[in-house]
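The values are calculated or read from the model by the stated rules, or taken from the named source; none is laboratory data. What you see is a predicted model; the values in this text were computed from it and never measured. Cβ atoms come from the backbone with ideal geometry, glycine included; neighbour counts cover every protein chain shown. Note: accessible area is taken over every heavy atom of the protein model, side chains too, but ligands, DNA and RNA are not part of it. Shrake-Rupley method; radii C 1.70, N 1.55, O 1.52, S 1.80 Å.
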Amino acid sequence: AEQAASKQNAGYLAAGMVEDGMVVGLGTGSTVFFAMERLGERIATDGLSIAGVPTSYQAAIRARQYGIPLTSLDEHPELDIAIDGADQVDPALRLIKGRGAALLREKCVCDAAKKVLIVVDPTKMVDTLDAPVPVEVLPFASAGVFRRLTLLGAVPVVREGVKKDGPVVTDNGNFILDCDFKAIADPGRLEAEIASIPGALECGLFCTYGEKITVIVGEGKGCRVVSL
Ligand code: DER
């Protein structure tokens, strides 16, 4: 209950930072949905006028439920702001994302946004990134990517569906390899090394956006706001 309250506090504060007329990147995950809920309220009661670019089918479905008008990166290649969650955040505001398997479109939206609000509960704040790194892989090339990730020191695991037999298939038609690298000494270097593997389409390390990220950490009663 406390974690839900902290997620809600973070989401609501993020939604309050969205200004009229903005085009907003809409992330995926349970925390960002509190921000979407609040945006829906502001649209309905205050007449807030915004458009959202969803990062997954789930974000698009939730946005429609909350009455948030949708648009696309085609119409708006540059976004005013993006709101998203994270699995881990380190002191340099480098992130691990991808628990929800939406990391590829999330990174495209993060890259397009002038400002990024990351909404988390306190358990996500760490000194060193050490969670498994999700890697979106082209099924055609998955065996070779698996081998290259192993050579980088990972223990890759194909993410299996829960209510679907076989691998999770992302909104882009690809597989996810969850790669346990243990504590990651140089996240930026690892992100670049993974990006150099043909068929590894994207990974959940977000190490180059620290300057435009503001992290909103929901606490029991309020929020802590962290930026570089
Ligand atoms: O999949 C993602 O990247 C999500 O943003 C995830 O990292 C956070 O999801 P949560 O807010 O449900 O913990």
So G40 ticks every box in (1) of a type outside the set (D, E); (2) away from the ligand (no atom under 16 Å from the Cβ); (3) surrounded by fewer than 18 Cβ atoms within 10 Å (Cβ to Cβ); (4) assigned to a helix (DSSP H, G or I) but one. Which box is left unticked? (3)
Residue list for region 43-72, restricted to those being part of a strand (DSSP E or B) and either open to solvent by 40 Å² or more (accessible area, probe 1.4 Å) or away from the ligand (no atom under 16 Å from the Cβ) (or both): A51, L70
Tell me which residues, restricted to region 131-166, are open to solvent by less than 30 Å² (accessible area, probe 1.4 Å) and assigned to a loop (DSSP other than H, G, I, E, B). A131, A154, G161, G166
Which residue, of V169, V119, is open to solvent by less than 10 Å² (accessible area, probe 1.4 Å) and not in a helix (DSSP H, G or I)? V119
Taking interchain pairs and intrachain pairs at least six residues apart, which have beta carbon atoms under 8 angstrom, with the first residue in region 177-201 and exposed (fewer than 12 other Cβ atoms within 10 Å of the Cβ) and the second among the small types (G, A, S)? P198/A141; P198/G144
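In region 97-111, which residues are assigned to a loop (DSSP other than H, G, I, E, B) and near the ligand (Cβ under 6 Å from one of its atoms)?
The answer is K97, G98, R99, G100, A102.
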